[in-house]
Amino acid sequence: MNQVEFNFLNMTDRTLAFMNANTVLWVNDPEIKEVVNIIVLERTGAGEKGALESGLSGKGHTAAKNNTFDSFVAKTYKLSKKISAYVKKKGLLSLLPMVDLSLSALSRGPEKEVVNRCRAIAEIARTNMTGLATFKVTTDEVELINTLISDYQSHIDNRSTTNISKSSSRDDVAVHISNLRTKLDLLDDLVEGLMDDDAFIRSYKSARAIDDYGKGKTLKNKEKTLA
């Protein structure tokens with residue numbers, strides 16, 4: 001949720017708190033009671049979706065993805081040096097451009113290209129495992145690189161799912177807030193039209209004022225506007 005939405009929901013909470021504190025003055029009016037009940041439901045829905053959106057942080061996915069990426073690149077580089085020595089010894093020159101890489105060359109470019117390089121090196125190791133035995137290349141070493149690459153892809157997929165869920169939750173919050181605006185506007189009319197207590201009406205209007213604590217505003221110079 002953005003700051004404007006937070007401000008609006010804070011006002012909604014304050015308005016509901018005022019109405020609850022003065023229930024005896026309006027509880028027998030079916031029109032006001034019906035609208036207040038709907039506002040409570042919409043506010044609850046906005047809070048639940050807002051909490052879900054806040055909980056769907058992509059930061060953890062990004063950090064885990066980056067750590068996994070760095071790990072399989074480092075391990076693949078180590079593997080490539082072993083394979084490079086092997087192909088030079090055996091004269092397998094066609095393989096040399098694929099494995100005789102610096103760390104910067106291995107990790108250069110879009111991540112997808114880096115993944116493809118690392119997969120290719122792991123595949124070369126797999127198909128030449130017998131000859132690479134004396135160069136301390138192991139099946140576990142190659143499998144670990146492939147596993148890390150798979151984990152990396154999973155982090156990307158999870159991040160994509162998280163972004164979709166956050167977008168959906170954000171849209172749901174917006175719908176609840178739109179409904180709240182409509183019902184609060186209706187409640188404004190009902191309070192002023194059906195209530196005869198001038199003090200109650202004045203206090204209601206005060207509760208309905210939005211404290212704008214957004215960019216450029218402070219508690220000291222806050223501005224109040226009606227939604």
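The values are calculated or read from the model by the stated rules, or taken from the named source; none is laboratory data. For clarity, every value in this text was computed on a predicted model and none was experimentally measured. Methodologically, a virtual Cβ is constructed for each residue, glycine included, from the backbone with ideal geometry; neighbour enumeration extends over all protein chains shown.
Quick notes on this one:
- Matching residues, segment 177-199, being of a type in the set (K, R) and surrounded by fewer than 16 Cβ atoms within 10 Å (Cβ to Cβ): R181
- Among the candidates S94, S84, residue that is modelled with pLDDT of 90 or more, surrounded by fewer than 15 Cβ atoms within 10 Å (Cβ to Cβ) and polar (S, T, N, Q): S94
- Residues that are of a type in the set (S, T, Y) and touching a helix residue (DSSP H, G or I) at 6+ places or on another chain (Cβ under 8 Å) were ranked within segment 1-37; the one that is modelled with the lowest pLDDT is T12.
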